[in-house]
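The values are calculated or read from the model by the stated rules, or taken from the named source; none is laboratory data. The structure displayed is predicted, hence computed values, not measured ones. No Cβ is skipped: glycine too gets one built from the backbone with ideal geometry, and neighbour counts run over all protein chains shown. For the accessible areas, the whole protein counts, side chains as well, though only heavy atoms, and no ligand, DNA or RNA atoms are used. Shrake-Rupley method; radii C 1.70, N 1.55, O 1.52, S 1.80 Å.
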Amino acid sequence: MHTDRTAPPCAPARLARASCLAGLLAGLLIPGGGFADEERIIIGTASSAGVYHVTGRALCRLLEPPCTARISDGSAANLQAVREGEVTVALAQSDLQHYAVSGIEGFSDVGPDDSLRSLFSVHGEPFTLVVRRDSGIREFDDLRQRAVNVGNPGSGQRGTMMKLLETKGWTLDDFSLANDLPADQQSLELCHGNVDAMVYTVGHPNDSVAQAIRLCDAAIIDVGGEAVDRLVEETPYFTRTTIPAGIYAPDQPAVETFGVRATLVASAETDPETIHTIVAAVFDDLDHFKSFHPAYGELTVESMIREGLTAPLHEGALRYYRERGWIEGDEDEDDTPDESEDTAEETAPDEPDDGGEGTD
């Protein structure tokens, strides 16, 4: 987990114990009786194997305040953490953002989150089906009575899988085994032969998928059919998408599937100045941000402030977009940008700096 700053220890032996303690307390305490860690920006990500964690770390590298990219169980867990005030901002799939705002699916027990706000969307996330080549699985329907890792509870991949199963009229009982390992463990499970397939809703290229292909001769296969057609037609957050050919192996074909978008969200109660700072750190030099991962390569201002955002824009984000002239001044902060309105610029901000690839 990425943490930018740590307090120096009281190393010199000549310092009196009382002076050391006083120094530490002075460094930790802030006016009002709080602690300096309360000023830290905490970004809810997901498994360390996915692009969400890369995104969180990239944001922390762009920000001056102390910042932590926190590993989590995924989108549903992040949305709950936002609701409970445990994180400053968090990443979540566009479908789960919609469920949280509407109080449906996995959020039906807690009800709609009226305080959820959008900042922007990030990369597209294709629903990715990875299978052992010796499994005989050629399409999604071949998964019936097979061992499949569907993802841990609270993860976006599991949420998307459950929605697809519901549309097909399937349940987890249709598999011989429905494993619930997190993303950073599933490729080895596939390689050891404990499951025949794994699913992952993720930006590409991805280390977990690459590991499965490299170590156990796995393959990515198309996900389509009538159920996928209905999902795309009936829901505002699913779109058809393609995993490009050749990104994992020279002979890897293009893969047709469907997917969602990654989005950055916060509570309406989060300080607008903090949100403005986060948004400005990305859009003041969008080319720099895009350099952190290949999945960001096709990002544009217009797509990021319009696509996949069910929750209204946060006050701090909306102020920045108005300052840049990307959203009309009379657009209410409780309104999500209308995708039919052409008020965003196609180009990235002026004078981008050169930026290096983000690394763990």
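Some observations on this one:
- For the range 283-313, the tally of residues that are among the β-branched types (Val, Ile, Thr) and either at pLDDT below 95 or open to solvent by 50 Å² or more (accessible area, probe 1.4 Å) (or both) stands at 2.
- Note on the range 163-184: residues that are in contact (Cβ under 8 Å) with a residue 40 or more places away in the chain and assigned to a helix (DSSP H, G or I) total 6.
- Residue ID - surrounded by the fewest Cβ atoms within 10 Å (Cβ to Cβ), chosen from residues in the range 236-253 that are touching an Asp or Glu at 6+ places or on another chain (Cβ under 7 Å) and of a type in the set (Ser, Thr, Tyr): Thr242
- Checklist (1) modelled with pLDDT of 95 or more; (2) under 30 Å from Cys216 (Cβ atoms) applied to Gln185, failing item: (1)
- Some residue of the range 33-40 being under 19 Å from Asp271 (Cα atoms), part of a strand (DSSP E or B) and not aliphatic (A, V, I, L, M): yes
- Conditions (1) modelled with pLDDT of 90 or more; (2) in contact with a Pro (Cβ under 8 Å, 6 or more places away or on another chain); (3) β-branched (Val, Ile, Thr): number failed by Thr343: (1)
- From the list Val209, Val202, Val228, the one residue that fits, being among the β-branched types (Val, Ile, Thr), under 21 Å from Asn78 (Cα atoms) and in contact with a strand residue (DSSP E or B) (Cβ under 9 Å, 6 or more places away or on another chain), is Val202.
- In the set (1) more than 30 Å from Met198 (Cβ to Cβ); (2) open to solvent by less than 10 Å² (accessible area, probe 1.4 Å); (3) among the small types (Gly, Ala, Ser), the condition left unmet by Gly111 is number (2).
Quick grid of which residues meet (1) closer than 20 Å to His204 by Cβ; (2) of a type in the set (Phe, Trp, Tyr); (3) in contact with a Cys (Cβ under 8 Å, 6 or more places away or on another chain); (4) open to solvent by 20 Å² or more (accessible area, probe 1.4 Å):
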residue	(1), (2), (3), (4)
Thr55	yes, no, no, no
Leu63	no, no, no, no
Glu86	no, no, no, yes
Val89	no, no, no, no
Gln97	no, no, no, no
Asp141	no, no, no, yes
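- Residue check, Gly316 of a type outside the set (S, T, N, Q) and either touching a Lys or Arg at 6+ places or on another chain (Cβ under 7 Å) or at pLDDT 55 or above (or both): yes
- Residues of the range 163-207 that are under 25 Å from Thr235 (Cβ atoms), open to solvent by 40 Å² or more (accessible area, probe 1.4 Å) and not aliphatic (A, V, I, L, M): Glu166, Lys168, Gly169, Thr171, Asp173, Asp180.
- Residues being out of contact with any Phe, Trp or Tyr (no Cβ under 7 Å at 6 or more places or on another chain), open to solvent by 10 Å² or more (accessible area, probe 1.4 Å) and of a type in the set (A, V, I, L, M) - total across the range 208-225: 4
- Hits in the range 42-52 - residues which are buried (at least 24 other Cβ atoms within 10 Å of the Cβ) and touching a strand residue (DSSP E or B) at 6+ places or on another chain (Cβ under 6 Å): Ile43, Gly44, Thr45, Tyr52
- Screening Met161 on (1) within 19 Å of the chain's Cα centre (by Cα); (2) on the phi > 0 side of the Ramachandran plot; (3) of a type outside the set (Gly, Ala, Ser) shows it passes everything except condition (2).
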